[in-house]
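Participant: Dropping a structure here in structure tokens format, bear with me for questions.
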Amino acid sequence: MTRSSLRLRLLVAAALSISAALVVAGFGLVLLFERHVERRIDAELDNDLRQLAGAIGFDAAGSLVLAQRPADPRFDQPLSGLYWQIADETTRLDLRSRSLWDTSLSLPADSPDLTTVHRHVLQGPARASLILRERRVAILQSGLQHILRIAVGIDQADVIQASHDFAGDITPSLALLGLALLAAAWVQIRIGLRPLEAVRRGVEAVHAGRQSRLPATYPDEVLPLANEINDLLDAQDRAIARSRSSAADLAHGLRTPLTVLSADARRLRERGQEDVAHEIEALVETMRRHIERAIAKARLHPHRGAAASPRVLVDRIVGIVRRAPRAATLAWENEVPEGLKVALDADDLAELLGNLIENAAKWAHRRVRVSATARDGSLELAVEDDGPGIPASQRTSVLRRGVRFDADRTGHGLGLAIVGDIVETYRGALRLDDSAMGGLRVTATLPMRERG
């Protein structure tokens, strides 16, 4: 895939979307876990508050005592991160867990309701951040009402550490989930783009001549594109037909004036105006070559679905060409296998073969051979002779219209140019080489018509 690939763009977009979603989901899960841990801790701290409240008593001197201390051993471990404290607002006396050591909890200077448990986050021993649950209770002792503030706190670092541990545990799972979602997105992209691939194959089939139009079997989202392509093909066929007709009409319309000019040139020559006559004849010949080229191109008919058999056409053209006195003395070899077909209109293939075979007959000494080889979906159609050939330095130039190689004094320089036009129209290739027979070998590579 290249940077301009639609699959790559969709895959990158999916990867970015999945990554963003998983990051948000990860943060959300960690936040939910943190809140769950905090609620769990709040519940445990509330339970400790109830145990402390139920164990509060007074001794004979009126001092606070606990009938039973909380069972969690961290309350007895200095600076363990879990603390409790009971402060008597009436007598200014207090009880503290051993974990507080020589410090105390600095409770907010508020007065919570007696029935409400308050939650605070404040600084505790060793500058630790504590989650604190506080409750005020009233106890009547010896006719004196004692207002007690009971507080239990835990180091918030425990919650933070639990969140970090959870994030570390869930990250690999989210990464695996991301890979699974990315694989699913890739499958979805491939399935979703299959109709476009089907359109591409359909256009290729139209171009190769296996079908004339795209079928109407695509999904609703792709069908308008297929219909537009079919409409474009229809418009192109109409435009080609109009252009071909206009070019042929123009070429035929110019032939009569050229014939008149040729007659005028002959009369001028008879009057002794040789230079003027020669100049007019040269212009007439140049225009005639252009007209013949235009007519040949106008006859090109690269319609979709065309098919022609080279073997049949070679037999037919050779049968016509060998009627000429000189061609009748040549040995003709048709080595084109039967059953092969090219995706060319029969008239266009006949024009191509006719020019090549006529050129070969013109220059051959004794032999002309036509052969064909199927290779990689194309047909290499070769016409060769045992004549003088064309020098390698002139092979490129002779393919241009109106250009003849040095030994040619009779031709118009159009034959190979017309062949080149036909080959180019059907997106083939034309190559000139030395023949094993001693002359020229012209090879036209043309698209094959699939069987069926």
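The values are calculated or read from the model by the stated rules, or taken from the named source; none is laboratory data. Values in this document were obtained by computation on a predicted structure and should not be read as measured data. Glycine also receives a Cβ, built like all others from the backbone with ideal geometry; neighbour counts cover every protein chain displayed. The accessibility values were calculated without ligands, DNA or RNA, using every heavy atom of the protein model including side chains. Shrake-Rupley method; radii C 1.70, N 1.55, O 1.52, S 1.80 Å.
Participant: After finding the eigenvalues of the alpha carbon gyration tensor for the range 233-278, what semi-axes result from the square roots of 5 times each, listed largest first in whole Å?
Facilitator: Computed over the range 233-278, the values are 40, 8, 4 Å.
Participant: Figure the gain on full extension for LEU250 and ALA60 (residue separation times 0.36 nm, minus the Cα-Cα span) and round it to one decimal in nm.
Facilitator: 55.2 nm
Participant: Please compute the contact order of the chain in relative form: average sequence separation of alpha-carbon pairs under 8 Å and at least six residues apart, divided by the residue count, as a percent.
Facilitator: 10 percent
Participant: Angle check, please: helix 274-298 long axis (alpha carbons) against the longest principal axis of the chain (alpha carbons), in degrees 0 to 90, nearest 10.
Facilitator: 50 degrees
Participant: To continue, here is another question. For the chain, what is the calculated [θ] at 222 nm in deg cm²/dmol (nearest 500), taking -39500 (n - 2.57) for each run of four or more DSSP H residues and dividing by its residue count?
Facilitator: -17500 deg cm²/dmol
Participant: Ok, one more. State in Å² the accessible area per residue of the chain; use a 1.4 Å probe, count heavy atoms of protein chains only, and round to the nearest integer.
Facilitator: Accessible area per residue: 57 Å².
Participant: Still on this structure, please answer the following. Using only Cα atoms, locate the centre of the range 116-154 and the centre of the range 322-361, then give the distance between them in Å, rounded to an integer.
Facilitator: Using only Cα atoms, the two centres lie 111 Å from each other.
Participant: Give the span of the range 103-155's Cα atoms along each principal axis, as three whole-Å numbers ordered largest to smallest.
Facilitator: 40, 22, 17
Participant: Next question. So which GluC sites (Glu not before Pro) in the range 160-229 are both in a DSSP loop and have at most 15 other Cβ atoms within 10 Å of their Cβ?
Facilitator: Counting only loop positions with at most 15 other Cβ atoms within 10 Å, the GluC sites (Glu not before Pro) in the range 160-229 are GLU221.
Participant: If you don't mind, another one. Cα-based Rg (one decimal) and Dmax (whole number) for the chain, in Å?
Facilitator: In Å, with Rg to one decimal and Dmax whole: 49.4, 160.
Participant: Quick one: pull the percentage of alpha-carbon pairs in the range 121-185 with a separation above 17 Å.
Facilitator: 66 percent
Participant: Provide, in order from the shortest bin, the percent of all Cα-Cα pairs of the range 47-179 in each 5 Å bin, continuing until the bin that contains the maximum pair distance.
Facilitator: 2, 9, 18, 20, 17, 11, 7, 5, 4, 3, 2, 1, 1, 0, 0
Participant: Kirkwood-based Rg over Rh for the range 46-88 (C-alpha set), two decimals?
Facilitator: Rg/Rh: 0.99.
Participant: Report, to the nearest 10°, how far helix 310-321 tilts away from the longest principal axis of the Cα atoms in the chain, using its own Cα long axis and a range of 0 to 90°.
Facilitator: 20 degrees
Participant: Given a 1.4 angstrom probe, I'd like the percentage of the accessible area of the range 148-265 that is carbon and sulfur, rounded to a whole number.
Facilitator: Roughly 62 percent, rounded to a whole number.
Participant: Still on this structure: Order THR256, THR103, most accessible first, counting only protein heavy atoms with a 1.4 angstrom probe.
Facilitator: Heavy-atom accessible area, descending, gives THR256, THR103.
Participant: How far is helix 346-363 tilted, in degrees, relative to the longest principal axis of the Cα atoms in the chain, given as a value from 0 to 90 rounded to the nearest 10?
Facilitator: Orientation of helix 346-363: about 50 degrees from the principal axis.
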